[in-house]
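Asks: Below you will find the structure I want to go over with you.
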Amino acid sequence: MKLIIPISMALILAAATVSSAADETAASASKSRTRSSEGPGTKGPPGKLFVYKHTAGEPQQMEIFFPPNHDPSKAKVPGMILFHGGGWSGGNLQQFRVACAYFASRGLVCATADYRMLSANEARQLPAGETKKRVCVVDAKSAIRWFRRKAPELGIDPHRIITGGGSAGGHISVLATTNPGLNDPGDPNEIETSVVAYVLFNPAFALDDDQDLEIDVLRHLQPKFAPAIVFFGDQDPWKKGWDKAHAKLMSLGSRSVELQIAPGQAHGFFNREPWQTAALIAADRFLVKQGLLSGEPTRPAPATGEKLVLANP
């Protein structure tokens, strides 16, 4: 028996189908925009792509930039690994391409690493106790371990590794190197994740992170915190979280942090010129002071005169 659907009902069903498809397309496009909206490195060429591990069948990747004429069999230079921002659920490897290319030109082997970025729906499906922030830290630790384990092949000194990142990436880079927990059971956990310095661009330390010991930076800070340069705009609301962390370090007797302030700037200021250049020059000089680079920065200062202000001279 042939089923006859009235024309009006057919039109309604067709419209619903189109609407559903449009909603799915829009949601997909929105997610894509969220995960690819980070700059400043969008104008920079990609580095050499490596996969540092697989999670649920999906590759976790990093791009590595090498110094000119780098010969891994002969060179053992410092290595740096930077983690992009994006609210622990977005962003991509483009963000630090310009920075990585610059520091490679100055003599570092510089990498930028991805990590799992769960949507709100994906985060709700995690086992009890797991969170999207915890997942990010687990992957950051895996990336640092892979980077250190591959030191002979990459031509880096495994005892001179620097890390850092922007916003959420700054948060997970600090936890990956200070929290002894949150390890991937598939990792060679005998390989440590400690570093000799940090380069942190407005790290996002949320005030409510104290609800979870594993992702609360304040719980894992130690007196021997590695030397760090930290960048913030003075209009950035995230600076409140950093101020608490800095006060904790000071109370522990640490005097290893150089805080650079961008006057009149908000969160993510380092993503835009001329502040990107100003931050790279300041980071370069900081690494020279740590004995990890030598010479003078090769980028000229911004012609428009923008300057960072050292907050703790």
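Here, each number is a calculation from the coordinates, and none is a lab measurement. Bear in mind that the values here come from a model prediction, so they are computed numbers and not experimental data. Cβ atoms come from the backbone with ideal geometry, glycine included; neighbour counts cover every protein chain shown.
Asks: What GluC sites (Glu not before Pro) in segment 143-219 are in a loop by DSSP, with at most 11 other Cβ atoms within 10 Å of the Cβ?
Replies: Here the sparse-neighbourhood loop sites are Glu190.
Asks: Quick one: length gained pulling Gln125 to Lys74 fully straight, 0.36 nm per residue minus the C-alpha distance?
Replies: On the way: separation 51, 0.36 × 51 = 18.36 nm, distance 4.75 nm.
So the extension gain works out to 13.6 nm.
Asks: Springs between alpha-carbon pairs under 10 angstrom, Gaussian network model over the chain: which of Gly86, Gly47, Gly264 fluctuates most?
Replies: Most flexible of the set in this elastic network: Gly264.
Asks: Quick one: if you stick a label point 7 Å off each Cα along the C-beta vector at His159 and Lys307, how many nm between them?
Replies: Between His159 and Lys307, the label points sit 3.9 nm apart.
Asks: Something else now. Which of Ile229, Ile172, Phe83 sits farthest toward the positive end of the charge dipole of segment 49-310, with +1 on the Cβ of Lys and Arg and -1 on the Cβ of Asp and Glu?
Replies: Ile229
Asks: Answer rounded, prolate or oblate for segment 202-313, using the Cα gyration tensor with square roots of eigenvalues a ≥ b ≥ c: rounded when a/c is under 1.5, else prolate when a/b is larger than b/c, else oblate.
Replies: oblate
Asks: Could you pull out the pairs from Lys53/Lys224; Lys76/Lys307; Lys244/Lys307; Lys48/Lys74 whose alpha carbons sit more than 22 Å apart here?
Replies: With Cα atoms farther than 22 Å apart: Lys53/Lys224; Lys76/Lys307; Lys244/Lys307.
Asks: With a 10 Å radius around each residue's Cβ, average the other Cβ atoms per peptide and rank 266-276, 89-99, 293-303, 199-209, highest first.
Replies: Averaged packing, sorted descending, gives the order 89-99, 199-209, 266-276, 293-303.
Asks: Can I ask one more? Over the chain, what lengths in whole Å, largest first, do the semi-axes of the equivalent ellipsoid take, defined as the square roots of 5 times the eigenvalues of the alpha-carbon gyration tensor?
Replies: 38, 22, 22
Asks: While we're on this one: Can you give the relative contact order of segment 141-199 as a percent, counting alpha carbon pairs under 8 Å and 6+ residues apart?
Replies: 50
Asks: For Glu58, Glu63, Glu122, which order do you get if you count the other beta carbons within 10 Å of each Cβ and list the fewest first? Let's see the in-between values first.
Replies: On the way: Glu58 10, Glu63 23, Glu122 13.
In order of increasing Cβ crowding within 10 Å: Glu58, Glu122, Glu63.
Asks: Mind putting a number on the dipole of the chain about its Cα centre? Charges go on the C-beta only, +1 for Lys and Arg and -1 for Asp and Glu, and I need it in Debye to the nearest 20.
Replies: Here the size comes out at about 460 debye.
Asks: Cut-off 10 angstrom, C-alpha nodes, Gaussian network model of the chain. Which of Ala278, Ala75, Ala128 fluctuates the most?
Replies: Result for the chain, Cα springs under 10 Å: Ala128 fluctuates most.
Asks: Among His171, His84, His159, which comes first, second and so on when ranked by fewest other beta-carbon atoms within 10 Å?
Replies: The fewest-first ordering by Cβ neighbours comes to His159, His84, His171.
Asks: When DSSP assigns beta bridges and you keep just the ones with both residues in segment 49-310, what percent turn out antiparallel, to the nearest 5?
Replies: In segment 49-310, approximately 30 percent of DSSP beta bridges are antiparallel ones.
Asks: Which distance in Å, rounded to a whole number, links the C-alpha centroids of segment 241-267 and segment 159-234?
Replies: 14
Asks: For the chain, modelled as a Gaussian network with Cα springs under 10 Å, which listed residue fluctuates most, Leu118, Leu213, Leu280?
Replies: The residue that fluctuates most here is Leu213.
Asks: Within a Cβ distance under 12 Å of Asp187, other residues only, what is the Lys/Arg minus Asp/Glu net charge?
Replies: Around Asp187, the charge tally is +1.
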